[in-house]
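Asks: Have a look at this one.
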Amino acid sequence: MARILAIDYGTKRTGIAVTDELQLIASGLTTVETKNLLSFLIDYTQKENVTLFLIGEPRRMNDMPSDVEVHIAAFIKKLIKEIPSIPVKRVDERFTSKMAFQTMIDSGLKKKQRRNKALIDEISATILLQEYLYNKS
């Protein structure tokens, strides 16, 4: 089997998580500057076997798309053009940032460590991916 790669897209930073090759465990991979995201993914997929890109779909409570959706849609077009062999699936990402922050608190991270927005983005991508794995089985 191949890995599933989850993307928690942000206009400045993007959190990335990935499964193991058996698609059982979701783990945070990294956070990259969004301007370098496409080149990172091209490089990563040349080294690792990825079967699916899972990209968060930010929605408001009234189910309307978030403002960042315009940027995500533009990125997805570029991604499909550059890596057409790997499909893209969108998943609802509401509350993942809040869940990530709560996870940091629950795991005992100090206040200073919880201010690390890059870590929040990476944990958010991991939660997104873990929920996808849980719901697909």
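Every number here is computed from the coordinates shown, using simple stated rules; none is lab data. Predicted model, so just to flag it, every value in this text is computed and none were measured. No Cβ is skipped: glycine too gets one built from the backbone with ideal geometry, and neighbour counts run over all protein chains shown.
Asks: Can you sort Glu57, Glu82, Glu122 from fewest to most other Cβ atoms within 10 Å of each residue's own Cβ? The partial results should precede the final answer.
Replies: Details: Glu57 16, Glu82 13, Glu122 24.
Fewest-to-most ranking of Glu57, Glu82, Glu122: Glu82, Glu57, Glu122.
Asks: Give the long-range amide H neighbours of Gly10: residues separated by 5 or more places, or on another chain, with amide H under 5 Å away, using H modelled in the peptide plane at 1.01 Å from N.
Replies: Answer set, sorted by chain and number: Gly15.
Asks: Now a separate question. Residue by residue through region 19-30, which ³J(HN,Hα) values in whole Hz follow from phi under the Karplus form 6.51 cos²θ - 1.76 cosθ + 1.60 (θ = phi - 60°), with glycine and proline marked x?
Replies: 8, 6, 5, 8, 6, 9, 10, 9, 9, x, 9, 5
Asks: Note the full-extension length gain between Thr51 and Glu21 as 0.36 nm times their separation in residues minus their Cα-Cα distance, in nm to one decimal. Don't skip to the answer; put the middle values down first.
Replies: Working: separation 30, 0.36 × 30 = 10.80 nm, distance 0.97 nm.
Length gained, Thr51 through Glu21: 9.8 nm.
Asks: Do any of Lys35/Lys77; Lys35/Lys78; Lys77/Lys136; Lys12/Lys78; Lys89/Lys136; Lys35/Lys81 go past 19 Å between their Cα atoms, and which? Intermediate values should be presented prior to the final figure.
Replies: Working: Lys35/Lys77 15 Å; Lys35/Lys78 12 Å; Lys77/Lys136 25 Å; Lys12/Lys78 17 Å; Lys89/Lys136 13 Å; Lys35/Lys81 17 Å.
Distance filter (> 19 Å) returns Lys77/Lys136.
Asks: Contact order normalised by length for region 38-90, with contacts defined as Cα pairs under 8 Å and 6 or more residues apart; what percent is it? Could you put the intermediate results ahead of the total?
Replies: Values: 36 pairs, mean separation 25.9, N = 53.
With pairs under 8 Å counted, the relative contact order is 49 percent.
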